[in-house]
Amino acid sequence: MHGIILKTLKDYIVEQYDTETWADVQAQAGREGEMYVAVTTYDEEVTVELLDAALDVTDTSMKAFMYDWGEWIIEPIIDIYGSAYVEPHWDGLDLLSQIEAIHTQLRQRRMGEMTPPVLRIDEIDDRTLKIVYGSQRQWCQWIPGLIEGVGDYYDEAYRYKEHTCMLEGDEQCTFSVQRVQNPEAAGQVGD
Ligand code: HEM
């Protein structure tokens, strides 16, 4: 997996917990002292081992961890990639509608070194999107936090719902996301 994901995993754990917690996570994963940089791709097992260790050390469920990390990661990822892939005139819904286009550009430029998920985005109406996710990584529990992170970044509120889920045996995960004016109507529906 792309180093940006591992680098931001470390930054997230250091910021939300502390450097000792990150050291414990690396030790538990058998990866003491390893450095992760955004210009390299790492074996998939590195991510899996660090993530498993992070859940264990922080005593957090996958769902809760992925939500928080997903919400947190949007700002640093836009800081790093924004100038190349995010148009300044976009709002948050525009960014969400372009995530597969962004991932595709990343895939093409890196010549297959990284494997951002194949996401399909359908525009249902001018404030509603459907997101279809089918990556073998099955990181669908990241998506609610990522949606919230985009909302935080752009000061927009979304109401969203997961309709099908690979973790429950469906072939793909599908989410609907609707931008709402009233923040009280925002958040995940049917959870
Ligand atoms: C500027 C915005 C974004 C950039 C530059 C970006 C870039 C990336 C990169 C580099 C990866 C790692 C790919 C790999 O090594 O395989 C990734 C993974 C992923 N991204 Fe994005 N991303 C962005 C926004 C989003 C948003 C808003 C969502 C969903 C709402 C999203 C969903 C995912 C998911 C689910 C993965 C996990 C990988 C998998 O399941 O295969 N991304 N992204």
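Some points to look at:
- D by Stokes-Einstein for segment 4-50, Kirkwood Rh over Cα pairs, 4 °C, 1.567 mPa s: 121 µm²/s.
- Cα-centred dipole magnitude for the chain, charges only on beta-carbon of K, R (+1) and D, E (-1), debye, nearest 20: 600
- Once both labels are positioned 7 Å from their Cα atoms along Cα-to-Cβ, the gap between D155 and K63 label points is 3.3 nm.
- For segment 1-93, the fraction of alpha-carbon pairs in successive 10 Å shells from zero, as %: 15, 48, 27, 9, 1
- For A157, distant residues with modelled amide H under 5 Å away: V180
- Pairs of lysines in the chain whose Cα atoms sit within less than 23 Å of one another amount to 5, provided the residues are eight or more positions apart or on different chains.
- Principal semi-axes of the equivalent ellipsoid, √(5λ) from the alpha carbon gyration tensor of the chain, are 27, 19, 17 Å from largest down.
- Listed residues T41, V57, T21: farthest to the positive end of the dipole of segment 20-80 (Cβ charges): T41
- GNM flexibility winner over the chain from P144, P76, P88 (Cα, springs under 10 Å): P88
- GluC sites (Glu not before Pro), loop per DSSP, at most 11 other Cβ atoms within 10 Å - longest free stretch of the chain: 33-112
A short reminder: the numbers here are calculations on the coordinates, not readings from a lab. Just so we're clear, the structure is a prediction, and the values are computed from it rather than from any experiment. Glycine also receives a Cβ, built like all others from the backbone with ideal geometry; neighbour counts cover every protein chain displayed.
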